[in-house]
Every structure is written in structure tokens, then in C-alpha cells.
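J.: One structure, as C-alpha cells, below. Some questions next.
Readers should treat all values here as calculations from the given coordinates under stated rules, not as data from a laboratory. Bear in mind the structure is a predicted one, so any value in this text is a computation, not a measurement. No Cβ is skipped: glycine too gets one built from the backbone with ideal geometry, and neighbour counts run over all protein chains shown.
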Amino acid sequence: MRWKCTCAFDGGAFNGWQSQADGSGVQDAIEGRLAVVLGERVRIHGSSRTDSGVHARRFVFHFDAEWRHSAGALLAALRTGLPASVLVYAARPVPGSFHARFSATGKRYRYHLYEGLPLPFDAPYCVGIARVLDTDAMSAAARGLTGRRDFISFAAESGDPRESTVRDLRRLEVIRRHRHVRIVAEADGFLYRMVRSLAGALIRVGEGKLPPERVAEILRERRRTHEVPTAPARGLFLERVFYR
């Protein structure tokens, strides 16, 4: 039987989602708990990888295992014994054709910024900016990036060289709530560190260090440049994974 689960996690406590040799991945923590619940080791498959320090609100994974009790009982068993930094809050059986990664039709990320010094309990989940950001300029730059385009200029080099670098960026929006600024990115998929690179470019625009029109030029040039920094991981949240 195949099970689809949804979880949230604090990425600051882990070395990314993916299983690590030292057991420091979120995947390792959940697989360890599943081994206790099921009495055997099972491999779980996540909707994507995440960098060390990146957080998730609605991360999806699946696994195959026999479970003779209810979905609610499985969920309750999974929640017990996991670190406080991980919460599995949904579990249900799905057809065997479902795959957490390959069945996904899109993902939404949200990057959190704060103008000034964030409070100590907010600091692990946002990036403080020393000046007031020009969010109008950031929005203008964002509008020049949406659509189906080649985003190789906003990808880290360590991605799979066989992977297409064309993505459909359906939404890139800058939202201000007083001193809180959010960058929301939604696409059919993202390249390695693409969201953090988009955020890094928009932050530079907001700081007045990069003209808005230059961001679209960088996209058209199709090469990575020092003008596009990779924003820190702690401000990034995987917000939602979309399925048909």
C-alpha cells in the first residue's frame, strides 16, 4: 500500500531533507520513526530536496508499506517519537501510481525578509535587511522574470547537467506588511538554488544596488554572474506542493 504524507519542519535543525550519511537529514528522522512503527526499514520519497537550513510548511513524501490500522492511527504513531522540529500532520493511502516528486505539477516558495533587526525568536526564519527596501522596484524586476523561460542565470552550477533549465515561473510577487517583506515564487519546478538566487537578485534591487531592468537582462544573457547572490537559506520556506 502506498501512503502520501504531508509534514512541516524547521530546517535549521537538519542538513536538508535528503538522507545524509550521518543521519542529519529530515528524511533520516522520519525513516527512523517509521522503522519503529512498522517494525522494518522503509524508504520514503520526498517531493524535492532542500538545502540545509531551508524550512517547509507543507512538504510531501510517500512510502510503500502494509498497515492494517486506520490512517489516523498511522498519523498518531508517526507523530510520537519525532523531534519537535518535525510534524507529520496528514497521512492517507493513495494509488500506486502516485509519486511525491514526479506527480507534482508545481511548487510554491516564500522568502521572508525583515527591515531592521528581527527579534531573537524570528531571526532563524527570516533575513534582516539594514535599510528600507524599494519594494516597487523589486516588483518591477519580478514582473520581468515571469513566464516560461530559461533560468540558467539563476541556478547553481551543481545541478544535474542533463536537466533542462527551462521553467514556467507562474508567479513572482513581492508583498510588504509593514517591515516584513515576502517574496513569493511559484513554478512548475525550480532549479538548484533558483529561488534563493531570485531572492538574492530582488534584494539587491530593493537595496538600490541593481537596476530593475538589469535583472531581465541577466536572464536573457543565460549565464551566472556575481550580480546574482544566493540569499541565505534561513529565510526560505517551501510553502506548498501542487498535484492534479
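J.: Using the Cα atoms of the stretch 2-93, I'd like the radius of gyration and the largest Cα-Cα distance, Dmax, both in angstrom.
T.: That works out to 12.1, 36 Å for Rg and Dmax.
J.: Under a point spin-label approximation (7 Å from Cα along Cα-to-Cβ), what is the residue 73-residue 20 distance to one decimal in nm?
T.: Spacing of the two 7 Å Cα→Cβ label points: 3.6 nm.
J.: Compute the distance in nm between two label points, each set 7 Å from the Cα along the Cα-to-Cβ direction, one at residue 162 and one at residue 89.
T.: 3.8
J.: How big is Rg to Rh over the stretch 106-161, alpha-carbon atoms, Rh as the Kirkwood inverse-mean-distance radius? If you can, show how the numbers build up before the last one.
T.: Details: Rg = 15.1 Å, Rh = 14.3 Å.
On the Cα set of the stretch 106-161, Rg over Rh gives 1.06.
J.: Further, regarding this structure: With a Cα-only, solvent-free Debye model of the chain, what are the log10 I(q)/I(0) values at q = 0.15 Å⁻¹?
T.: At q = 0.15 Å⁻¹ the computed log10 ratios are -1.03.
J.: Before rounding to the nearest 500, sum -39500 (n - 2.57) across all DSSP H runs of length at least 4 in the chain and divide by the residue total; then give [θ] at 222 nm in deg cm²/dmol. Each step should come with its number before you reach the end.
T.: Numbers: 5 runs with 54 residues, N = 244.
Here the helix-only value at 222 nm equals -6500 deg cm²/dmol.
J.: Right, another one. Quick one: if the Förster radius is 41 Å, what FRET efficiency do residue 207 and residue 102 give, using the C-beta to C-beta distance and rounding to 0.05? Walk me through the numbers before you get to the answer.
T.: Working: r = 39 Å, r/R0 = 0.94.
Approximately 0.60, to the nearest 0.05.
J.: Using the Karplus curve 6.51 cos²θ - 1.76 cosθ + 1.60 with θ = phi - 60°, what ³J(HN,Hα) values do you get for each residue of the stretch 229-238, in whole Hz, with x for Gly and Pro?
T.: x, 8, 5, x, 5, 5, x, 9, 10, 6
J.: Residue by residue, what Karplus-based ³J(HN,Hα) values in Hz, rounded to whole numbers, does the stretch 191-200 have, using 6.51, -1.76 and 1.60 with θ = phi - 60° and x for Gly and Pro?
T.: 6, 4, 6, 5, 5, 5, 6, 4, 4, x
J.: Within a 10 angstrom radius of the beta carbon, how do 241, 36 rank from fewest other beta carbons to most? Could you put the intermediate results ahead of the total?
T.: Values: 241 22, 36 12.
Least to most surrounded, the residues fall as 36, 241.
J.: May I ask you to compute the full-extension gain from residue 49 to residue 242, defined as 0.36 nm times their residue separation minus their alpha-carbon distance, rounded to one decimal in nm? Don't skip to the end; give the middle numbers.
T.: On the way: separation 193, 0.36 × 193 = 69.48 nm, distance 1.55 nm.
Residue separation times 0.36 nm, minus the Cα-Cα distance, leaves 67.9 nm.
J.: Only counting other Cβ atoms within 10 Å, I'd like 28, 22, 188 sorted with the fewest neighbours first. Don't skip to the end; give the middle numbers.
T.: Values: 28 19, 22 7, 188 15.
Arranged by neighbour count, lowest to highest, 28, 22, 188 become 22, 188, 28.
J.: Still on this structure, I have one more. Per the Kirkwood definition applied to all pairs of different Cα atoms, how many angstroms is the hydrodynamic radius of the stretch 104-243? It would help to have the intermediate numbers written out before the result.
T.: On the way: mean 1/r = 0.0665 Å⁻¹.
Computed over the stretch 104-243, the radius equals 15.0 Å.
J.: Let me ask something else. What are the ³J(HN,Hα) couplings of the stretch 214-219, residue after residue, when phi is run through the Karplus curve with 6.51, -1.76, 1.60 and θ = phi - 60°? Round to Hz, x for glycine and proline.
T.: 5, 5, 5, 5, 4, 4
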